[in-house]
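> Take this structure, written in structure tokens, and hold onto it; I'll ask about it next.
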Amino acid sequence: MEGYAFARVVHILGVVLWIGGVAMVTTVLIPAIKRLKSEEEQVSTFEMIEGRFALQARVTTLLTGLSGFYMLYYTDGWSRYTDVSFWWLHAMTIGWVMFMLILFVLEPLVLHRLFMERAKKDPVRTLAFVHRFHVVALALSLVTIAGSVAGSHGWLWV
Ligand code: HEM
């Protein structure tokens, strides 16, 4: 049981540092960066801050996934994937896979280069697009967190 409780602690610390960071970037940093006068400065400031957050996001995403799968292994809860009332488990897993893809594959291989190319041509629209992307990712993450807390404490909704 201690192993399970420890995994849960790691899981939630991971979620807090990861999605909390996404929230900070979305609701505070990007809006503040958009108000900077120089467009070049907007892009370079975003690059610097998001670049630093990328490491935190990678480590916490890994810890969240590992602890999540450990909890499923510990409780032998794999059959939950076949039950629609555990939609929040599907949401956690799909959200996690998407973030893993972005952070470990797409960002280093494609997205970073694409961002720099587009930002050179049209910094304002590029930052606006990146902001919208963060808003959607944050909204989906918050729905997932709400559903997971409610669901894992017995409020299943369906
Ligand atoms: C591979 C990905 C993941 C797996 C396998 C996983 C698995 C789990 C499991 C097994 C539980 C315990 C459920 C229960 O007690 O009945 C849990 C709880 C939870 N997970 Fe995940 N999870 C994953 C990713 C995520 C992500 C991406 C988020 C946030 C965006 C998240 C947020 C939560 C929350 C908030 C709880 C509820 C904790 C509580 O109320 O005590 N998980 N997860």
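> When you check Thr126 against the structure, is it of a type outside the set (Asp, Glu), surrounded by 12 or more Cβ atoms within 10 Å (Cβ to Cβ) and within 16 Å of the ligand (Cβ to nearest atom), yes or no?
In short, no.
> Starting from the stretch 45-56, keep only residues that are part of a helix (DSSP H, G or I), then list their pairs with residues that are surrounded by 15 or more Cβ atoms within 10 Å (Cβ to Cβ) and of a type in the set (Gly, Ala, Ser) whose Cβ atoms are within a distance under 7 Å, requiring at least 6 positions of separation or different chains.
Short answer, once both residue conditions are applied: Phe53/Gly21; Gln56/Gly21.
> Can you find a residue that is exposed (fewer than 12 other Cβ atoms within 10 Å of the Cβ) and either closer than 20 Å to Phe104 by Cβ or out of contact with any Phe, Trp or Tyr (no Cβ under 7 Å at 6 or more places or on another chain) (or both) anywhere in the stretch 54-65? Let's see the steps before the verdict.
Of the stretch 54-65, the ones exposed (fewer than 12 other Cβ atoms within 10 Å of the Cβ) are 55.
Checking the rest, the ones that are also either closer than 20 Å to Phe104 by Cβ or out of contact with any Phe, Trp or Tyr (no Cβ under 7 Å at 6 or more places or on another chain) (or both) come to 55.
Among the residues of the stretch 54-65, at least one is exposed (fewer than 12 other Cβ atoms within 10 Å of the Cβ) and either closer than 20 Å to Phe104 by Cβ or out of contact with any Phe, Trp or Tyr (no Cβ under 7 Å at 6 or more places or on another chain) (or both), which makes the answer yes.
> For Glu107, state whether it is away from the ligand (no atom under 16 Å from the Cβ), in a helix (DSSP H, G or I), surrounded by 12 or more Cβ atoms within 10 Å (Cβ to Cβ) and acidic (Asp, Glu).
Numbers: away from the ligand (no atom under 16 Å from the Cβ): yes; in a helix (DSSP H, G or I): yes; surrounded by 12 or more Cβ atoms within 10 Å (Cβ to Cβ): yes; acidic (Asp, Glu): yes.
Spelling it out, Glu107 is indeed away from the ligand (no atom under 16 Å from the Cβ), in a helix (DSSP H, G or I), surrounded by 12 or more Cβ atoms within 10 Å (Cβ to Cβ) and acidic (Asp, Glu).
> How do the pairs read when you match residues in the stretch 109-130 that are within 18 Å of Ala54 (Cβ to Cβ) with residues anywhere that are aromatic (Phe, Trp, Tyr), using Cβ under 8 Å and keeping only pairs 6 or more apart or on different chains?
Qualifying pairs under 8 Å: Thr126/Phe115; Leu127/Phe46; Val130/Phe46; Val130/Phe115.
> Starting from residues that are touching a residue at least 60 places away in the same chain (Cβ under 8 Å) and of a type in the set (A, V, I, L, M), keep the ones in the stretch 20-44 and report whichever is farthest from Ala146 (Cα to Cα).
Going through the qualifying residues, I end up with Val43.
FYI, it's all coordinate maths here, none of it is from the lab. These numbers were taken from a predicted model, which means no experiment stands behind them. Ideal geometry is used to build each Cβ from the backbone, glycine not excepted, and the neighbour counts take in all protein chains shown.
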